[in-house]
Amino acid sequence: MAEDDYEQFYKVVLVGDATVGKTHLLSRYVKSRLPKAPTATVGVEFATRIVKRGPIRKLNNGKKVKAQIWDTAGQERYKAITSTHYRRAVGALLCYDVTKETTFKNAAKWMEELRQSAEPDIVIMLVGNKVDLADKDPASRQVYYDAAQEFANLNGLFFFETSAVADINVKEAFERLLHEIYDQG
Ligand code: GDP
Ligand code: MG
């Protein structure tokens, strides 16, 4: 299959608080492994983005789309992400950490920023990551599945709980998002 043999090209952005696991999710999906080096970007203000060209994905219906997934590079502080990150994005993974309530509270802010700065009809997948920790130790869970599902329903988001480390629902979350973008377009 030729590199340019695809029907649609989608820009997808990762957003969410620092340390929720965005870079790990992307690495798991695109490279089927976790990042090798430490992923936090320290003191590199100008490295505003990392562009990952995902391989061509063949959807269940036989259509091929190319997803270009943009990770953040340590500038997750609210409003610190440049408009370039959002421009022309048709899909987003809005990530939080199921063991850290503040990251879920901030999901509302990230959603607003997406709605303002990305394509108006952007498809958003809410992702509650690190579910492996909650599975191992239920007391560590700070965000309940039902609460997140309700937030997603109220705001027209799709929703998965994932683990980049234990490889739970990562492919499912990305590919469901791509399907929904395809179906909408
Ligand atoms: P980012 O700042 O959102 O890009 O987060 P990173 O991908 O850099 O991950 C931040 C930290 O969370 C790292 O120490 C990862 O090892 C850890 N991490 C990421 N995903 C998971 C996960 O699914 N489960 C667990 N237990 N840890 C994770
Ligand atoms: Mg990162």
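The values are calculated or read from the model by the stated rules, or taken from the named source; none is laboratory data. No experiment lies behind these values; they were computed from the predicted model shown. Using ideal geometry, Cβ is built from the backbone for each residue, glycine included, and neighbour counts are taken over all protein chains shown. Keep in mind that these areas ignore ligands, DNA and RNA; they rest on the heavy atoms of the full protein, side chains included. Shrake-Rupley method; radii C 1.70, N 1.55, O 1.52, S 1.80 Å.
I'd like to know if the stretch 72-79 contains one or more residues that are touching a Leu at 6+ places or on another chain (Cβ under 9 Å), within 12 Å of ligand 1 (Cβ to nearest atom), closer than 20 Å to Ala173 by Cα and open to solvent by less than 10 Å² (accessible area, probe 1.4 Å). Before you say what the answer is, go through the steps one by one.
So in the stretch 72-79, the residues touching a Leu at 6+ places or on another chain (Cβ under 9 Å) come out as 72.
In the following step, the residues that additionally are within 12 Å of ligand 1 (Cβ to nearest atom) were identified as 72.
If we keep only those that are closer than 20 Å to Ala173 by Cα as well, we get 72.
Restricting the remaining residues to those that are open to solvent by less than 10 Å² (accessible area, probe 1.4 Å) gives 72.
Yes: the stretch 72-79 contains one or more residues that are touching a Leu at 6+ places or on another chain (Cβ under 9 Å), within 12 Å of ligand 1 (Cβ to nearest atom), closer than 20 Å to Ala173 by Cα and open to solvent by less than 10 Å² (accessible area, probe 1.4 Å).
Pick from the stretch 142-174 the residues that are touching a residue at least 60 places away in the same chain (Cβ under 8 Å) and surrounded by fewer than 18 Cβ atoms within 10 Å (Cβ to Cβ): which of them is nearest to the chain's Cα centre (by Cα)?
Ranking the qualifying residues of the stretch 142-174, first place goes to Lys171.
Just to check your reading of the model, which residue among Glu113, Glu101 is open to solvent by less than 30 Å² (accessible area, probe 1.4 Å) and more than 22 Å from Tyr29 (Cβ to Cβ)?
On the way: Glu101 fails: open to solvent by less than 30 Å² (accessible area, probe 1.4 Å).
Unique residue meeting the criteria: Glu113.
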Taking the stretch 6-29 only, how many residues are surrounded by fewer than 17 Cβ atoms within 10 Å (Cβ to Cβ) and either within 15 Å of Glu175 (Cα to Cα) or away from ligand 2 (no atom under 12 Å from the Cβ) (or both)?
3
